[in-house]
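Novice: Dropping a structure here in structure tokens format, bear with me for questions.
The values are calculated or read from the model by the stated rules, or taken from the named source; none is laboratory data. These figures come from a predicted structure and were not determined experimentally. Neighbour counts are summed over all protein chains in view; Cβ atoms, including those assigned to glycine, are modelled from backbone coordinates with ideal geometry. SASA here: full protein model, heavy atoms, side chains in, ligands and nucleic acids out. Shrake-Rupley method; radii C 1.70, N 1.55, O 1.52, S 1.80 Å.
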Amino acid sequence: MGNDLRFIILNSDEQFGAELRELLLTFRNVKIVAEVDDPTVLTSAMTQFPVDAVLVNLDPNPEALLPLIADIAGHNPGLSFFAVSESTDGPLILKAMRMGVKEFFPRPVDRANLAEAVEKLVAGRSGSKAGGKLVTVIGASGGVGATTIATNLAAELAALEHGEVTVIDLDYRFGQVATLLDITPTYTLSDLSSSPEALDTGVIARALTQHACGVRVLARPNHFAEADMITGASCMGVVSSLLEMNKYVVTDGPTRYDLGATSVFSLSDISLLVVQLLVPCVRSASRMLESMRANGFNLDRVKLVCNRVGRDAGHLTPENVAETLNLDVIAIVPDDWQTVSAAVNLGDPLVSYGPKTKARIAIQELAERLHKPESETDDKDVRKKSLIGRIFAHT
């Protein structure tokens with residue numbers, strides 16, 4: 001596969017939004033960089049996010065939206081417009097095509113027709129520059145070790161990609177990514193979120209703090225008041241810009257389910273849901289997945305990381321959790337409280353503090369699996385291998 005297709009959705013029907021999201025996210029080469037419900041903000045969204053195509057729900061007033069499409073299409077000849085409408089009126093479809101709509105889909109949208117249109121766009125962009133991969137790490141509940149997983153996974157990926165990896169702290173108030181790496185950043189996420197326009201790569205590079213292990217860090221704001229100023233749109237603008245600069249972007253969080261979180265999940269190549277083998281944690285994970293499913297997210301892009309697994313795990317096993325949540329387990333990280341807690345307190349990633357420990361080796365193997373999923377030739381679970389391979393395939 002070539003570069004991913006980046007879509008903006010323009011849709012004022014909240015109920016239909018989940019259906020549109022579900023349709024697009026079934027394609028592994030499609031990312032949703034923004035969703036807007038007001039036509040007047042579409043142009044500004046296009047200046048903030050890199051975009052290849054816009055999917056527009058023309059209803060309930062196609063005649064009001066078509067002139068806007070014609071104007072934007074005229075100024076952006078490389079941009080593709082897909083339109084959706086309950087109307088199958090021939091003159092309307094012809095008018096939409098004349099005004100710049102590349103593909104018109106009557107509702108309900110036929111997935112096969114949409115797939116064909118997406119493949120045409122992919123074929124037309126086969127020589128374009130590939131962007132980075134977004135890996136989100138989310139905890140099923142507080143204290144499961146998601147920050148430790150995210151930080152150390154980023155450090156391992158940085159070793160594989162010679163430093164072209166950034167980890168972002170999306171816990172705006174209580175995030176601890178900078179603490180776990182013992183760094184004091186000069187700039188934070190709030191400094192980059194104040195601009196409504198796409199950010200210059202030089203500005204972003206100066207805002208990142210690099211750790212000795214090679215990973216770059218964009219820390220959470222220093223003050224609660226700054227955290228309150230970060231909008232979902234501004235956060236996604238920063239994430240989108242970082243994906244243009246890195247081979248991987250790893251997020252710790254989001255920690256709350258809001259508009260910013262849904263945008264991050266839509267853009268993610270894979271989301272790692274960190275759980276412990278505890279019933280309350282599994283129940284929290286089930287609620288999160290139920291909400292994601294209801295909002296149209298592709299759960300094939302969600303994988304389980306079972307953390308702190310040891311002999312004293314009680315009656316639950318990783319297999320129990322995987323079956324209950326109907327998700328594949330991509331990593332099992334052994335319980336090594338003494339080593340991990342010491343590394344956290346000293347501000348060292350496990351790659352340098354405990355390179356031969358079982359916890360570090362498990363996270364290293366997770367990084368390698370994400371980095372080169374197609375190389376798994378001896379995996380007994382072919383279904384798990386093929387799912388990861390489809391998410392990260394580059395052919």
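Novice: Looking only at the range 212-239, count every residue that is surrounded by fewer than 24 Cβ atoms within 10 Å (Cβ to Cβ) and in contact with a Pro (Cβ under 6 Å, 6 or more places away or on another chain) and tell me the total.
Specialist: The total comes to 2.
Novice: Oh, and also: For the condition among the hydroxyl-bearing types (Ser, Thr, Tyr), crowded, with 20+ Cβ neighbours inside 10 Å, in contact (Cβ under 8 Å) with a residue 24 or more places away in the chain and out of contact with any Gly (no Cβ under 9 Å at 6 or more places or on another chain), what is the one hit in 271, 286?
Specialist: 271
Novice: Name the helices (runs of 4 or more DSSP H) wholly within the range 9-125 that hold at least 3 residues that are on the phi > 0 side of the Ramachandran plot?
Specialist: none
Novice: Report yes if residue 171 is assigned to a helix (DSSP H, G or I) and closer than 17 Å to residue 231 by Cβ, otherwise no.
Specialist: Spelling it out, it is not the case that residue 171 is assigned to a helix (DSSP H, G or I) and closer than 17 Å to residue 231 by Cβ.
Novice: While we're here: Of the conditions (1) at pLDDT 95 or above; (2) open to solvent by 30 Å² or more (accessible area, probe 1.4 Å); (3) farther than 23 Å from residue 271 by Cα, residue 314 fails just one. Which one is it?
Specialist: Only one criterion in (1) at pLDDT 95 or above; (2) open to solvent by 30 Å² or more (accessible area, probe 1.4 Å); (3) farther than 23 Å from residue 271 by Cα is unmet by residue 314, namely (1).
Novice: Of the residues 336, 328, which is open to solvent by less than 30 Å² (accessible area, probe 1.4 Å), charged (D, E, K, R), in contact with a helix residue (DSSP H, G or I) (Cβ under 7 Å, 6 or more places away or on another chain) and under 18 Å from residue 366 (Cβ atoms)?
Specialist: The match here is 328.
Per-residue answers, yes or no, for (1) touching a helix residue (DSSP H, G or I) at 6+ places or on another chain (Cβ under 9 Å); (2) open to solvent by 50 Å² or more (accessible area, probe 1.4 Å); (3) hydrophobic (A, V, I, L, M, F, W, C); (4) under 30 Å from residue 162 (Cβ atoms):
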| residue | (1), (2), (3), (4) |
| --- | --- |
| 241 | yes, no, no, yes |
| 261 | yes, no, yes, no |
| 265 | yes, no, yes, yes |
| 275 | yes, no, yes, no |
| 278 | no, yes, yes, no |
| 290 | no, yes, no, no |
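Novice: Looking only at the range 145-160, decide whether some residue is under 27 Å from residue 331 (Cβ atoms), touching a helix residue (DSSP H, G or I) at 6+ places or on another chain (Cβ under 6 Å) and part of a strand (DSSP E or B).
Specialist: no
Novice: Hey, among the residues in the range 229-249 that are part of a loop (DSSP other than H, G, I, E, B) and free of Cβ contacts under 8 Å to residues at least 40 places away in the same chain, which one's farthest from the chain's Cα centre (by Cα)?
Specialist: So the first thing to find is which residues in the range 229-249 are part of a loop (DSSP other than H, G, I, E, B), and the list is 229-231, 246-247.
Filter once more, so that each one left must be free of Cβ contacts under 8 Å to residues at least 40 places away in the same chain: 229, 231.
Working: 229: 22, 231: 17 Å.
By that ranking, first place goes to 229.
Novice: Something else about it: Consider the range 340-359. How many of its residues are assigned to a helix (DSSP H, G or I) and open to solvent by 30 Å² or more (accessible area, probe 1.4 Å)? Please lay out each step first, then the result.
Specialist: Step one: list which residues in the range 340-359 are assigned to a helix (DSSP H, G or I), which gives 340-346, 350-353, 358-359.
Add one more test, that the residue is open to solvent by 30 Å² or more (accessible area, probe 1.4 Å), and what stays is 340, 344-346, 351-353, 358.
Going through the range 340-359 one residue at a time, the tally reaches 8.
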